[in-house]
Amino acid sequence: MLAKAIRIAAHGGPEAMEYVDVDVPAPGPGEARVTQHAIGLNFIDVYFRTGLYPQPLPGGLGKEGAGVVESVGEGVTHVKPGDRVAYAGGPNGAYAEVRTMPARFLVKLPDTISFETAAAMMLQGLTVQYLLRQTYPVKAGETILFHAAAGGVGLIACQWARALGVQLIGTVGSKEKGELALRHGAAHVINYKTEDIAARVREITGGAGVPVVYDSVGKDTFTASLDCLQRRGLMVSFGNASGAVEPFAPGELSKRGSLFLTRPTLFDYMSTIEEQEAMAAELFGMVTGGKIQIEVHQTFPLARAGDAHRALESRATTGSTVLLP
């Protein structure tokens, strides 16, 4: 069958994305064909489009979506035709009306969660789950630093941290974004355009610094993030929104107090169906329990994916952005 999808033939700007007809094959062993109702937009899509993260070309974009299973291939038992499902991960190709994909990335979606909400929260919500609950399991009473607190991942982190009794300091780029982060549970905000991040963190913590920094910004904030940490603190570098972190000497970690550095990815934390389902169950529970509200602040038709990328890259978006087939 034919369906509309976004494809890129070469790396480049948003104009590299083409809205074309593609053939969607019947599912083979271990696969499922999904009719998509909503698609998530994430910075990792930009990384693949520009070539920061390599992939074979021509190819698709997108790691996250939600819809209904149309058919399944041999050996697929955890989902069946007619199931409402959502996913984050697997091969690129979510920017499509219909897709055939490895079924192991699909999880059943509770009826109480809409497709748009699911597409907006799977990659971002599962990212917050592994960051706050696994990479560095935060504890009630701790104060932590989370960059880009008004973004899709950031707003979920603000709420999840508050639910765990954690004081989250969030960095933002404007007064309006700061207010947004505070409304979602941040204990403090720092405007990185007008304030010295490390100095403000030391001021807020009485000079102690924080035990962990979660940094998805990359190049622009990396050194400041290290300067915010306590002795033996953990730097969690999980994104490159401002560009890749430049090479540095390991001695930079020792002179700041024997710091730890990790560069995790979501997909190493949910490499099995069992890990994935456990993480998704915790995320779904936080959402259905009312502890986390998913904010879909922007929607774009799939055909206008280029405009959505421009808005994301210019930091004009807040909360989550969803593409609609």
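The values are calculated or read from the model by the stated rules, or taken from the named source; none is laboratory data. Bear in mind the structure is a predicted one, so any value in this text is a computation, not a measurement. Using ideal geometry, Cβ is built from the backbone for each residue, glycine included, and neighbour counts are taken over all protein chains shown.
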Among the residues of segment 231-288, count how many are assigned to a loop (DSSP other than H, G, I, E, B) and either charged (D, E, K, R) or closer than 26 Å to VAL210 by Cα (or both). 21
Listed residues ARG49, ARG7; which is touching a Pro at 6+ places or on another chain (Cβ under 6 Å) and either aromatic (Phe, Trp, Tyr) or in contact (Cβ under 8 Å) with a residue 40 or more places away in the chain (or both)? ARG7
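Looking at TYR47, TYR53, which is the one that is under 16 Å from the mean Cα position of the chain (by Cα), of a type outside the set (D, E, K, R) and surrounded by fewer than 17 Cβ atoms within 10 Å (Cβ to Cβ)?
Values: TYR47 fails: surrounded by fewer than 17 Cβ atoms within 10 Å (Cβ to Cβ).
Testing whether each residue is under 16 Å from the mean Cα position of the chain (by Cα), of a type outside the set (D, E, K, R) and surrounded by fewer than 17 Cβ atoms within 10 Å (Cβ to Cβ) leaves just TYR53.
Could you pull out the residue among MET279, MET286 that is assigned by TED's automatic domain parsing to the domain that holds LYS108, in contact with a helix residue (DSSP H, G or I) (Cβ under 6 Å, 6 or more places away or on another chain) and closer than 23 Å to GLN129 by Cβ?
On the way: MET286 fails: in contact with a helix residue (DSSP H, G or I) (Cβ under 6 Å, 6 or more places away or on another chain).
Residue meeting the stated conditions: MET279.
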Go through segment 85-197 and tell me which helices (runs of 4 or more DSSP H), entirely inside it, have 2 or more residues that are among the acidic types (Asp, Glu). 175-183
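Surrounded by 20 or more Cβ atoms within 10 Å (Cβ to Cβ), out of contact with any His (no Cβ under 9 Å at 6 or more places or on another chain) and outside the structural domain of ARG7 (by TED's automatic domain parsing): does that describe GLY233?
Taking the combined requirement at face value, the residue satisfies it.
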Hits in segment 77-113 (condition: free of Cβ contacts under 8 Å to residues at least 12 places away in the same chain and basic (Lys, Arg)): LYS80
What do you reckon, is PHE146 farther than 18 Å from ARG315 by Cβ and touching a Leu at 6+ places or on another chain (Cβ under 8 Å)? no
Take the conditions among the basic types (Lys, Arg), under 26 Å from GLY12 (Cβ atoms), in contact (Cβ under 8 Å) with a residue 40 or more places away in the chain and part of a helix (DSSP H, G or I) and apply them to ARG304. Does it pass? no
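Mind listing just one residue for me: the one in segment 63-76 that is touching a Leu at 6+ places or on another chain (Cβ under 8 Å) and in contact (Cβ under 8 Å) with a residue 40 or more places away in the chain and, of those, surrounded by the fewest Cβ atoms within 10 Å (Cβ to Cβ)?
From segment 63-76, those touching a Leu at 6+ places or on another chain (Cβ under 8 Å) are 63-64, 66, 69; that's our starting set.
Now restrict to residues that are in contact (Cβ under 8 Å) with a residue 40 or more places away in the chain: 63-64, 66.
Details: LYS63: 25, GLU64: 28, ALA66: 30.
Step by step, filter segment 63-76, then rank; the result is LYS63.
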Single unsatisfied condition, CYS228 versus (1) within 19 Å of GLY154 (Cα to Cα); (2) modelled with pLDDT under 95: (2)
Candidate set from segment 5-44 (those that are within 21 Å of the chain's Cα centre (by Cα) and part of a loop (DSSP other than H, G, I, E, B)); member that is farthest from THR321 (Cα to Cα): GLY13
